[in-house]
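Input: a single structure, listed below in structure tokens.
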Amino acid sequence: MLKQVSAILALSISTHAGAISIDLGAATGYNLFIKENFTQPGADSQGKIAIGGNANIGQYDVGVNYEPGTWRDGKQFWTEPGKYSDVLVVGGDLTTTQWAWGNVKGNLILGGELTQGSSKNAVLGSTTKATPIDFNAAFTQFNALSQTLAGQSNTGGLEFKYNNWLILDGASSNDIYVANITGQMLANATDLTAKGLDQNDTLIINVSGKNINFDSLNYGKRESFDALDMSASNILYNFFEAENITFSGGIKGNILAPNANFTFLQGDLSGQVIAKSWTGGWGAQANLWDGFFVPPVEPPPTPTTPPAVVVPEPSAVMLLLFGLLALIVIRCKRA
């Protein structure tokens, strides 16, 4: 199951077609993993980003991990002050605005150059010249995985009620549930419910179509169906045919779209995105799963130590009186 908060890790699932191995290898731990170019003028990502081509991040913040809807910091990408993790990998050139200052909340690994006019103060940590990721090999793997998942049949029944409500009717098989839908169904859908799934299952939704435009999808209670009790890290949308995807709104779940140019207009996307290219708007925020933010823990109250009782030392006069009394008792016994 996709239980790790930081990534979709190796997974073997048993279906009618046998065992499938899900291993996102190089993309493990990244909020966004993009094969070619990346453009976004502002907003932020909660997690780390890897880009194979050129990147223009403008005033975009990378690796902030704010609590959604607030400015409160969560767990940052370092263990000690001044010791940062690698939060941004760019295979080509990187462009920021001249006003960028500490936008990259960690270290930068850069294959190309900071282009003319970019702020050299944009990186909070260090900058290293290197190309540590083989994006071509990684996306060869992702394409094979995407097609393998697309070949799986529905685990249970699927109803598209009122032309806006996806209802999955069935129980998972070996903790896996596969649902096959069209891009038009996703575009029209406002709700998704599945009474047979729980937080221990993994939901794989295969979405067909080359050009897909969709927005928010609600997993809450509707009519007699309870809310879908699953973490975003356990939901994978597989866009196995997509060439262009446009998204705006709010959704929780991981997106595998290895051949798609992904355009994120605005909203809040909680999950990992693997795509060919990325174009984002000022209001497009990416969160690393729905559980990555680690709120500060209030320290336990310091136990109060009861005041020590001070026993006064006997005075010299009292010692003298006790001594005289002892002498009197001894003499009386001898008499």
Item to complete: Describe numerically, in nm with one decimal, the distance between label points set 7 Å from Cα along Cα→Cβ at residue 115 and at residue 144.
Response: 3.5 nm
Worksheet item: How many angstrom separate the Cα center of segment 31-56 from the Cα center of segment 122-189?
Response: 19 Å
Discussion item. Expected output is a single nm value to one decimal: the length gained when fully extending between residue 198 and residue 153, i.e. 0.36 nm times separation in residues minus the C-alpha distance. What is it?
Written reply: 14.2 nm
Item to complete: Would you mind computing the Rg to Rh ratio of segment 11-287 from its alpha-carbon coordinates, Kirkwood style for Rh?
Response: 0.98
Discussion item. Under the rule of at least 5 residues apart or a separate chain, name every residue whose amide H is placed under 5 Å from the amide H of residue 218.
Written reply: 191, 192
Fill in: FRET efficiency, residue 211 to residue 98 (Cβ-Cβ, R0 56 Å, nearest 0.05)
0.95
Worksheet item: Put a dot 7 Å past each Cα toward the Cβ at residue 164 and residue 129; how far apart are the dots in nm?
Response: 5.6 nm
Discussion item. Quick check on the exposure proxy: order 101, 165 from fewest to most C-beta atoms within 10 angstrom.
Written reply: 101, 165
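Quick note: the coordinates plus some simple rules give every number you see, no bench work behind them. All values derive from a computational prediction rather than experimental measurement. Glycine also receives a Cβ, built like all others from the backbone with ideal geometry; neighbour counts cover every protein chain displayed.
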